[in-house]
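Accompanying notes for the structure given below.
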Amino acid sequence: MSVTRLRVRVPATTANLGPGFDTLGLALGLWNEVIVEPDDSGRIRVDVHGSGRGRLPRDERHLVVRTMLDTLDRLGSRDRLDGARVIARNEVPQSGGLGSSASAVVAGVAAALWLHTGALPDRDELFRLASAAEGHPDNAAPAVYGGGTIAWQDDSGAHAVPIAVDPRVTPVILVPDYQVRTAETRRLLPERVPLADAVFDVSRAALLVRALEARPDLLPAATEDRLHQPYRAEAMRPTAELIGRLRGAGHAAVLSGAGPTVLVLAQSPVEADAVVAQAPARTAGAGGLEVRWRARRVAVARDGATVVA
Ligand code: HSE
């Protein structure tokens, strides 16, 4: 059976937000768009534009297509994608920490659900399937629902609820030109942590929900973390140093997801613009190499993934 043309848009996401390790997430106003067009070649071809062009695979190995095929297989609808042209227009940087793989997985699952049912996917179903496929509900939740989210897992799977983010909260991302794999930095995390550190993070994470909702002035205090960033620092010194400098200047700077991108949760657009204006273009990296940074203010994406025929 040939496919119907469809367009999926999924926002960038930032996870953890400091102390909300594997739990808190925020959708950002940078979008990956995937268009699936019928093609009677019997093959699947992928065109990549923007971020990842020239590096991402252009066939069934592309994460969006792999996810679409896996999901259709599970739904017993594999025959709905026998030939297709897939166009990926990526705004989300691939360099790490902005949920590019969650965005690809959510796009793949959304496209598969659309092809399976011919109707707009149910968001809760989309979140459940994408979390199971991707393994990071703290990225999948904001990618699917938009805005701020609290995600958790139990024996029945992943769940999420929204956080109403105060409109004054203005994210800034500082994206470096080096990459670090999430799996590599998760291996640096200890199996056990001191009770005092757990209490430290529980208090900050609880405070952070309040700060995001209505008290942006509390963001610097509420984004302190002892659970994951100190352990990951050795794998991304330039990022850790920049976070230290920004925090020293009073900004709520944290590792975006598993890094190495830096996120600042500014209390106002004015603070965000000051962070961008003062951001370094280059910092010292390992072995005398330089790290280049691109700083930009981004909106909180109020909407999550959308599918349009
Ligand atoms: N919570 C995950 C981590 C996010 O920190 O490893 C990965 O994007």
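The values are calculated or read from the model by the stated rules, or taken from the named source; none is laboratory data. Since the structure is predicted, the reported quantities are computational estimates derived from the model, not experimental observations. Note that we place each Cβ from the backbone using ideal geometry, even for glycine, and neighbour counts take in every protein chain shown.
Here is how the numbers come out for the structure above:
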{"read-out": "Residues within the range 186-202 that are in a loop (DSSP other than H, G, I, E, B) and among the aliphatic types (A, V, I, L, M), tallied", "value": "3"}
{"read-out": "Any hit, the range 27-42, residues being within 14 Å of the ligand (Cβ to nearest atom), assigned by TED's automatic domain parsing to the domain that holds Pro121 and in a loop (DSSP other than H, G, I, E, B)", "value": "no"}
{"read-out": "Count of residues meeting criterion [more than 16 Å from Glu33 (Cα to Cα), out of contact with any helix residue (DSSP H, G or I) (no Cβ under 9 Å at 6 or more places or on another chain) and either of a type in the set (S, T, N, Q) or buried (at least 22 other Cβ atoms within 10 Å of the Cβ) (or both)] in the range 79-116", "value": "1"}
{"read-out": "Test: residue in the range 81-97 that is polar (S, T, N, Q) and at pLDDT below 90", "value": "yes"}
{"read-out": "Qualifying residue in the range 122-132 (condition: surrounded by fewer than 19 Cβ atoms within 10 Å (Cβ to Cβ), away from the ligand (no atom under 15 Å from the Cβ) and in a strand (DSSP E or B))", "value": "no"}
{"read-out": "Listing of helices (runs of 4 or more DSSP H) fully contained in the range 211-277 that carry 3 or more residues being modelled with pLDDT of 95 or more and within 26 Å of Arg192 (Cβ to Cβ)", "value": "229-232, 237-248"}
{"read-out": "Complete set of residues in the range 264-288 that are of a type outside the set (A, V, I, L, M, F, W, C) and touching a residue at least 40 places away in the same chain (Cβ under 8 Å)", "value": "Gln267, Ser268, Pro269, Glu271, Thr283, Gly285"}
{"read-out": "Given (1) assigned to a loop (DSSP other than H, G, I, E, B); (2) within 15 Å of the ligand (Cβ to nearest atom), index of the condition Arg53 fails", "value": "(2)"}
{"read-out": "Lone unmet requirement of (1) in contact (Cβ under 8 Å) with a residue 12 or more places away in the chain; (2) within 16 Å of the ligand (Cβ to nearest atom); (3) in a helix (DSSP H, G or I) for Ala183", "value": "(1)"}
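Here is a yes/no grid of residues against (1) out of contact with any Gly (no Cβ under 8 Å at 6 or more places or on another chain); (2) within 16 Å of the ligand (Cβ to nearest atom); (3) aliphatic (A, V, I, L, M):
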residue	(1), (2), (3)
Leu72	yes, no, yes
Asn90	no, no, no
Gln94	no, yes, no
Ala119	yes, no, yes
